[in-house]
1. Given the condition in a helix (DSSP H, G or I), over 22 Å from A102 (Cα atoms) and in contact (Cβ under 8 Å) with a residue 24 or more places away in the chain, answer yes or no: does some residue in the stretch 192-213 qualify?
2. Can you list residue pairs whose Cβ atoms sit under 9 Å apart, with the first residue in the stretch 167-178 being assigned by TED's automatic domain parsing to the domain that holds L271 and touching a residue at least 24 places away in the same chain (Cβ under 8 Å) and the second being among the acidic types (D, E) and assigned to a loop (DSSP other than H, G, I, E, B)? Count only pairs 6 or more apart in sequence or on different chains.
3. Looking only at residues that are in a loop (DSSP other than H, G, I, E, B) and charged (D, E, K, R) in the stretch 249-296, which one is surrounded by the most Cβ atoms within 10 Å (Cβ to Cβ)?
4. Which of the residues that make up the stretch 125-161 are surrounded by fewer than 19 Cβ atoms within 10 Å (Cβ to Cβ), among the β-branched types (V, I, T) and closer than 20 Å to G75 by Cα?
Amino acid sequence: MSSDGEDDLRTEASVPSSGSELSDATQVLRCSGSGGNSGGQSAGVADAEDGLQTIVQSAGVGQSASEILPVIGDGRYRLDRLLGEGAFGQVYLGWDTSLQRAVAIKVPSPGRFGSRAEQETYLSEARMAAQLDHPNAVTVYDAGRTLSGGVYVVSQFIDGRTLEAEIREGRLTEQETVRLLIPVARALHAAHQRKIIHRDVKPANILISREGRIPFVADFGLAIHGDQHPAAYAIAGTPAYMSPEQARGEGHRLDGRSDLFSLGVVMYEMLTDSRPFRGGSLRETLSQVISAAPRS
């Protein structure tokens, strides 16, 4: 865990470093030097140390396509460029050779799952997220298994950057904060109408497109359905943005209001350039979320 207690609690398995055993994505996938054209795009990943949760485009980042070029999905998706990697796994800029479009492809680390049942839970989450159709939510296109028995998720590729990157440049105006968060709130409302709870609303999971500065809610990878069994509600998320119910591990009490609490934390940070809960450790951050008044 990092000293400020901000780690995503689902990032558990370590990814092999350069020179060590290759990851699932590059070790066992069927390789191909042919296929579609990625349109000359190069891409990067924002917040790569936080579970590889948000995909944005940038210039000159990642390995060259000739270094990887495996394909997945029975050859439909080609992995053109490694965007980044972290404890959760790898995210690639890919190319859908059937529909001829750029996509983002997440390949979790082989050690991320302890059993096939956990893999199925992850794929179930992806299928649930794919049900959400909203103009301000990143669309999940596909999910499946690699040749080695690993899993992958294919989603919409957003040309832009994260709200986290925007905040790093300084606080936003009230007008811009409202303009960006209203569509985000509407996307979350659409999810809640389907009883889908995001559980990890934070600046790194809000993308802003380069063209038109349109906000998108990304990474419903921790999402759960409100009708799921309480066992599915394990404590998960990013501590500094959790609701008190999440921080207490009271997953059975979660509903859409938990996401709204997290969105309020995001708004606070946008307007003040600081977080309301900033403990020096994971335990201290969770304690502040549960019982402390937000810092002014």
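The values are calculated or read from the model by the stated rules, or taken from the named source; none is laboratory data. Just so you know, these numbers come straight off a predicted model, no measurement behind them. Note that each Cβ is placed from the backbone with ideal geometry, even for glycine, and that neighbours are counted across all protein chains shown.
1. Yes, the stretch 192-213 contains a residue that is in a helix (DSSP H, G or I), over 22 Å from A102 (Cα atoms) and in contact (Cβ under 8 Å) with a residue 24 or more places away in the chain.
2. Close Cβ pairs satisfying both conditions: I167/D273; G170/D273; R171/D273; L172/D273.
3. Taking the stretch 249-296 first, the residues in a loop (DSSP other than H, G, I, E, B) are 249-250, 254-255, 273-281, 292-296.
Narrowing further to those that are charged (D, E, K, R): 250, 255, 273, 275, 278, 295.
Values: E250: 15, D255: 13, D273: 13, R275: 22, R278: 14, R295: 12.
Checking each candidate, the answer is R275.
4. none
Residue by residue, here is whether (1) farther than 27 Å from A129 by Cα; (2) at pLDDT 90 or above; (3) of a type in the set (S, T, Y) holds:
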residue: I235; (1), (2), (3): no, no, no
residue: S258; (1), (2), (3): no, yes, yes
residue: S262; (1), (2), (3): no, yes, yes
residue: S287; (1), (2), (3): yes, yes, yes
residue: A293; (1), (2), (3): yes, no, no
